[in-house]
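No value in this document is a laboratory result; all are computed from the given coordinates. Predicted model only: the values in this text are computed from it and were never measured. A quick note on method: Cβ atoms are made from the backbone with ideal geometry, for glycine too, and the neighbour counts reach across all protein chains shown.
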């Protein structure tokens, strides 16, 4: 069964936290698909992964507007606005309240939401309840004051 983790941003922005989540996942051998809620957010994630640290690099690509990239299968991280898996990913990262109707194709799903946005928090709670009722294995990670993650509940 798919493991689903909820990441509650509290002390930093998505642009600060997401690269660390992806670094860890890629370091553990995962390929990832990152699903953003808009083309603008996808472009922001793409730019962040190029520039978040001077000495770090996360190989990735963003889905082109026409949806056709002959090198998609080669990408450790694929950034898109729709649920797809052109790179054989085992990890799905959902941003901006995006959801996966069928979590089973993924080994791990990470839902990242902004704790400073009450609507995002309420939507995450509703998704948690729905997924829990469906019998999925869920974990909740809350960001501490210094940006690290604390497993809660």
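Points to keep in mind about this one:
- Rounded to 5, the percent of DSSP beta bridges in the chain classed as antiparallel: 15 percent
- Gyration tensor (alpha-carbon) shape descriptor, the range 43-93, a/c threshold 1.5: prolate
- Relative contact order for the range 3-152: 36 percent, from Cα pairs under 8 Å spaced at least 6 residues apart, divided by residue count.
- Here the peptides 122-129, 2-9 are ranked by packing, the mean other Cβ count within 10 Å, and the order with the highest first is 2-9, 122-129.
- Neighbour-count ranking [beta-carbon atoms within 10 angstrom, fewest first] of 49, 108: 108, 49
- Centre separation in Å (Cα based) which lies between the range 1-25 and the range 38-66: 15 Å
- Order by protection proxy (mean Cβ within 10 Å, highest first), peptides 58-68, 91-101: 91-101, 58-68
- Using just its DSSP H runs of length 4 or more, each adding -39500 (n - 2.57), the chain gives a mean residue ellipticity at 222 nm of -9000 deg cm²/dmol after division by all residues.
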